[in-house]
Structure formats: structure tokens, C-alpha cells
Amino acid sequence: MFKKIITLFVVAVLASCSSSKPTIATTKKQAAVQRPRTASTKKGTYSKPIAKYPSTNNTTEVIQSTSKTVVTSSLITDYVLQYKDIAMGNMQKYGIPASIILAQGILESGAGRGDLALSANNHFGIKCHNDWLGESVRHDDDSSQECFRKYREASESYRDHALFLAGKNRYAVLFTYEKDDYKAWSKGLRACGYATDPNYPDKLISYIERYNLHQYDCQVTGKNYTAINKSEPARSSSSSVSNSNDPNLYEVQKGDTLYSISKKFNILVDDLKQKNNLSDNTLSVGQRLKVK
């Protein structure tokens, strides 16, 4: 009798152990099922760098200067609108075409998005040279860790660019060209050694014509301008027609500045500000100004 009890107990224990095995196997199988989900998550994470640059309706391009920069056409247009007044002022003071200044700024700085522009406000890729006494940064270019000029703000870079061209004998021939002959200036800059890229003139001319930068030369010289690229904003310097019925008023259009309006109506900027009680140079589209 005792042996039968022992036998029944052993059989019960063995049956209990064997019935627990499927539970463990099921757990392992469930863990295995989770693996494809983990792999799928990793795959999704890996794809994110493809969307690094926001999707827009604008065309994109790579600008290769002292750094490789991806920009859109709207970024370039915004860059032009931001610095066109400085470019026109430098044209008037130093005799360098505003279109050339802006095209070089776009190309050399990646429309303000390149490494040197962001880290040193250097928009023209000007290196230190022996006569530079200001701050500097190191950046790989033709050689490793070359010395480039650093500025407190972008406007200083624009001013130094004008002084650099006007003060160097190697660029003296440029100032014998017509002030608004952007094609001659583009080819001359390459010939004088500003850049080693054989396509440098073509790149400058391409930006000038694609973004109608020559219109800013015309605003300074007073010549008429006909847009080359109709899709980009352009306004002839002679188109001074007011959009109101009052000939003494002018309605501000997109791209207008106090300087350009003063040229259109042959009035000093200070007089224009005084007539309209303006405390600064800020304008808004649709604003009406007294011009007579």
C-alpha cells in the first residue's frame, strides 16, 4: 500500500513538471515575436536624416564655397532682401556693383548659412592675410585650418569686402570697368585671383540673372531695368508710378526701401523721413509716403 502511494506521488510530480514547460516556451516565442517590431523602429529612426532639410515648394541647390551648404530659392531671396541696402550703399561709396556684392555674398556665404558666415559673420570668404589685425577663426579650405577673418556682425564683413577690393592693387583694374557692368566684374574678379574656381564668373552671373540682382545697380545709377527672371521680384528704377490718386503720395511695394524711394522721386532720405515723421528706416508694404 505504501509503495502504491509513493508511486502515485512520483507520477503526480512528473505530470506537474511536464505541464509547466509550454508556459516557458510560449514566453520565449512571444519575445521572439517582438523582434521584428524593434527592427522596424530602428529602421524608422534611420530614415530621419533624409528629411533633415524641410520639405518646401522651393527649388534646392548646394552652394560649395568654404563649406557645403544646402539652400532653397526662398532663402536666397530673403538673403538678398536683407543685404541689398548695404550693397547699394557700398556701390555708391566704393564703386562696386551691388549685384556683384550680393552675388558674391550668396556664393561665398551659402546665402548666410555657411560655416564661416555662422561662426564668424564672414560673408565673403576673406582670409586673414598679413595686414589683418582683427579676430580670426580657423577653417579648412585650400589647406587645413587656414586663418579667416572674423567680424562682430555681417555689415562689417560687407564693409571690409569693399575696402579689400578698393585697397588692393591687384583689383585696381576692376574699377576701370563700368560701375554696373556685372559681367566684366564677374570675369575680372576671377582674372585678378579672387577665386581659383574657373566657373566662378559663371556662378556670379547666374545668381545675378536668376535673382534679378542687376536691378539694384540700376537703382543706384538711375538706369531703367528690365527683369531677366520674371519669377523673381524686380522693379525698374524708373517705375515711380504711385498707386494712389494723389500724386504727392507713394504706396510702398514689396522690396522698396527709403533709399530706393528717394532715388525714384529725387529726394533725400532724411527729407523723406522728416516729411513722414519716420524715426527709423522701417517700411511696410501698402504704407503711403509723402514724396512731394
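The values are calculated or read from the model by the stated rules, or taken from the named source; none is laboratory data. Predicted, not measured: the structure shown is a model, and the values here were computed from it. Because the Cβ atoms are built from the backbone with ideal geometry, glycine has one as well, and the counts that use them run over all protein chains shown. The accessibility values were calculated without ligands, DNA or RNA, using every heavy atom of the protein model including side chains. Shrake-Rupley method; radii C 1.70, N 1.55, O 1.52, S 1.80 Å.
Please go through segment 235-251 and give me each residue that is among the hydrophobic types (A, V, I, L, M, F, W, C) and either modelled with pLDDT of 80 or more or in the same structural domain as ASP85 (by the TED database) (or both), ordered by number.
Residue satisfying the conditions is LEU249 alone.
If you go through segment 108-122 one residue at a time, do you hit one that is hydrophobic (A, V, I, L, M, F, W, C) and assigned to a loop (DSSP other than H, G, I, E, B)?
Checking segment 108-122: at least one residue is hydrophobic (A, V, I, L, M, F, W, C) and assigned to a loop (DSSP other than H, G, I, E, B).
Looking at segment 168-213 only, could you name the residues that are open to solvent by 60 Å² or more (accessible area, probe 1.4 Å) and in a helix (DSSP H, G or I)?
Of everything in segment 168-213, those that are open to solvent by 60 Å² or more (accessible area, probe 1.4 Å) and in a helix (DSSP H, G or I) turn out to be ASN169, ARG170, VAL173, PHE175, THR176, LYS183, LYS187, ARG190, ALA191, ASP202, LYS203, ARG210.
Determine which single condition HIS139 fails, assuming it passes every other condition in (1) free of Cβ contacts under 8 Å to residues at least 60 places away in the same chain; (2) farther than 23 Å from TYR207 by Cα.
Of the numbered conditions (1) free of Cβ contacts under 8 Å to residues at least 60 places away in the same chain; (2) farther than 23 Å from TYR207 by Cα, the odd one out for HIS139 is (1).
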